[in-house]
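Below is one structure, written out as structure tokens; the observations come after it.
FYI, it's all coordinate maths here, none of it is from the lab. Computed from a predicted model, the values in this text were never measured in an experiment. Cβ placement follows ideal geometry from the backbone for every residue including glycine, while neighbour counts extend to all protein chains displayed.
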Amino acid sequence: MQTSFSPAQLADPAIATSEKILRKCVHCGFCTATCPTYALLGDELDSPRGRIYMIKDMLEHDRPATAEVVKHVDRCLSCLSCMTTCPSGVDYMHLVDHARAHIERTYKRPFMDRALRRVLAAVLPNPALFRLSVTLARLGRPFAPALPAKLRAMLALAPASLPAPAPESALNIKPAGATRRVALLPGCTQQVLAPHLNTATARLLARHGCEVTVLPGTGCCGALRHHMGADDHAEARANVLAWKDEVEAGRVDAIVINASGCGTTVKDYGFLFRNDPALAAPAAAISKITRDVTELMSEIGLQAPVIRTGQRVAYHSACSLQHGQRVTEAPKQLLRQAGFEVVDVPEGHLCCGSAGTYNMLQPEIAAQLRERKVANIESTGPALIAAGNIGCMVQIGSGTKLPVVHTAELLDWATGGPRPEALRAS
């Protein structure tokens, strides 16, 4: 794609990066075949190629974002399926992130939209505020029919009750003879909605010779605000500072992530801080040693399972794992080694509609994607669903009666841990 940015524009590192991305696009349209929003809506402007044209025009002419551009960029899930398909290697992820930051700087959203996004940006990364908000959501359910669609969607996703937080001792384990020391990212919403995912992950890793620690100061990866256009990277910066000394001293062998949306972001810290003189090197070092839990377990090797249920498991490959991190086979191979019958889901490349805050900000499209995903999953006749991302688990779980279980929970169970919570009532 030809571009015509001025030398003055290209002096901006963000513009220079986007210009290189734009020049790689050859208009082939392969991306349209795997884009969820194009598959649903059939509008070229709701495809990656259409958005690329709009972003190019906006950035090249240094224009404030228009309502039309905002509508179509907001509809993008950042599922990154287009990047898996693209034969030219267009880095759509960083281009659309730049566009979102430009939108937030130049476009004034309607009041209710601004208010909702500010609430989400403040509440979701903060476990204490998020726990309070879920409690308040339960009180607001009787008034749901009178509320706007986006608020109704938020209330519908709120669980009826919350588990107790995971004790610190369950996440900081030093087994005898440990051969690796790994830092587990606790996350933000996951700490509140499903703390058992972190404890299952810690048990699994400790059983396989890892000292597991949660370093003070780590929490939200920063993805939720980043994908809403925030470019201060406050949460990411906090994590880099919390991990920096241990990583530089060689006292941490891996940063382990069990929420694939977080993993994609942490693996991108090197890019996010590439122009920061103080954090560029430590951020790049952190990204280099970051592993999804299934990546690390594949490197270690799964112990012989102590149970073999033979249950039929539909494996949902989260977009952030298969497209963002290109981790596709490890989770399925591990589940098979653990004694499960693993089946692939038709249209497995298409997003379930969760996508961070997407199912709250674009509830109609998200609901259609969920229905399509659930129908495809249920067509395989599974006993349960396995996934590696808390957002997908909540989204899919809201549309099916099948139990939805994290891959790490199943591996933990198979090698000596407790039966996963979602299976205890089934």
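For each cysteine in the chain, check whether another cysteine's C-beta sits under 4.7 Å from its C-beta; list those where none does.
Lone cysteines by the Cβ rule: CYS25, CYS28, CYS35, CYS76, CYS86, CYS210, CYS352, CYS392.
Checking the a/c ratio against 1.5 first, then a/b against b/c, what shape does the Cα gyration tensor give for the range 113-157? All intermediate terms of the calculation are to be shown ahead of the outcome.
Numbers: a/c = 2.67, a/b = 1.29, b/c = 2.07.
Oblate, since a/c reaches 1.5 and b/c is not below a/b.
What do you get for the angle between helix 363-378 and the principal long axis of the chain? Use alpha-carbon atoms, 0 to 90 degrees, nearest ten.
Tilt of helix 363-378: around 40 degrees.
Once you have a ≥ b ≥ c as the square roots of the Cα gyration tensor eigenvalues for the range 168-297, tell me rounded if a/c is under 1.5, and otherwise prolate or oblate according to whether a/b is larger than b/c.
Values: a/c = 2.10, a/b = 1.39, b/c = 1.51.
Oblate shape, in that a/c is at least 1.5 and b/c is the bigger or equal ratio.
Using unit Cβ charges (K, R positive; D, E negative) and no other charged atoms, how large, in debye to the nearest 20, is the dipole of the chain about its Cα centre?
Numbers: 45 positive and 38 negative charges, 155 e Å.
Using only the charged Cβ atoms, the result is roughly 740 debye.
Add -39500 (n - 2.57) for each DSSP H run of 4 or more in the chain, then divide by its residues: what number comes out at 222 nm, to the nearest 500 deg cm²/dmol?
Values: 25 runs with 217 residues, N = 426.
Rounded to the nearest 500, the figure is -14000 deg cm²/dmol.
Would you work out if the range 72-172 is rounded, prolate or oblate? Take a ≥ b ≥ c from the square roots of the eigenvalues of the alpha-carbon gyration tensor; rounded if a/c is under 1.5, else prolate when a/b is larger than b/c, oblate otherwise.
Cα axes put the range 72-172 in the oblate bin.
Between GLU68 and CYS28, how high is the FRET efficiency from 1/(1 + (r/R0)^6) when r is the Cβ-Cβ distance and R₀ = 30 Å? Nearest 0.05. Present the calculation step by step, with values, prior to reporting the outcome.
Details: r = 24 Å, r/R0 = 0.81.
Using R0 = 30 Å, I get an efficiency of 0.80.
How high is the relative contact order of the range 1-138? Use alpha-carbon pairs under 8 Å, at least six apart in sequence, and give a whole percent. Mind showing how you got there, number by number?
Values: 120 pairs, mean separation 31.7, N = 138.
Averaging sequence separation for qualifying contacts and normalising by length gives 23 percent for the range 1-138.
Under Stokes-Einstein, with the Kirkwood radius over Cα pairs standing in for Rh, what whole-number D in µm²/s applies to the range 331-412 at 20 °C and 1.002 mPa s? Write out the running numbers ahead of the final one.
Numbers: Rh = 13.1 Å.
Translational diffusion coefficient: 164 µm²/s.
Identify all lysines with a Cα-Cα distance to LYS56 below 24 Å; exclude those on the same chain that are fewer than 8 residues away in sequence.
LYS20, LYS24, LYS71, LYS108
Roughly speaking, what is the centre-to-centre gap between the range 58-82 and the range 183-254 when only Cα atoms are used, to the nearest Å?
30 Å
Calculate how many DSSP beta bridges within the chain are antiparallel, expressed in % of all such bridges and rounded to the nearest 5. Could you put the intermediate results ahead of the total?
Details: 1 of 21 bridges.
Taking every DSSP beta bridge within the chain, about 5 percent pair in antiparallel fashion.
How high is the relative contact order of the range 5-71, in percent, counting Cα pairs under 8 Å that sit 6 or more residues apart?
Values: 35 pairs, mean separation 14.7, N = 67.
Reported as a whole number, the value is 22 percent.
Mind pulling up the Rg/Rh value for the chain? Radius of gyration and Kirkwood radius, both on Cα.
On the way: Rg = 21.2 Å, Rh = 22.2 Å.
Across the chain, the Cα-based Rg/Rh ratio is 0.95.
Quick one: Cα centre-to-centre distance for the range 389-426 and the range 107-169, in angstrom?
The two parts, judged by their Cα centres, are 23 Å apart.
Between the helical axis of 234-248 and the dominant principal axis of the chain, each derived from Cα atoms, what acute angle in degrees is found, rounded to the nearest 10?
50 degrees
For the chain, what's the relative contact order in percent, using C-alpha pairs closer than 8 Å and at least 6 residues apart? Don't skip to the end; give the middle numbers.
Working: 701 pairs, mean separation 59.0, N = 426.
The normalised contact order for the chain reaches 14 percent.
Please compute one quarter of the surface area of the Cα convex hull for the range 1-95 and express it in square nanometres. Working shown, then result.
Details: hull surface 22.4 nm².
So the Cα hull casts an average projection of 5.6 nm².
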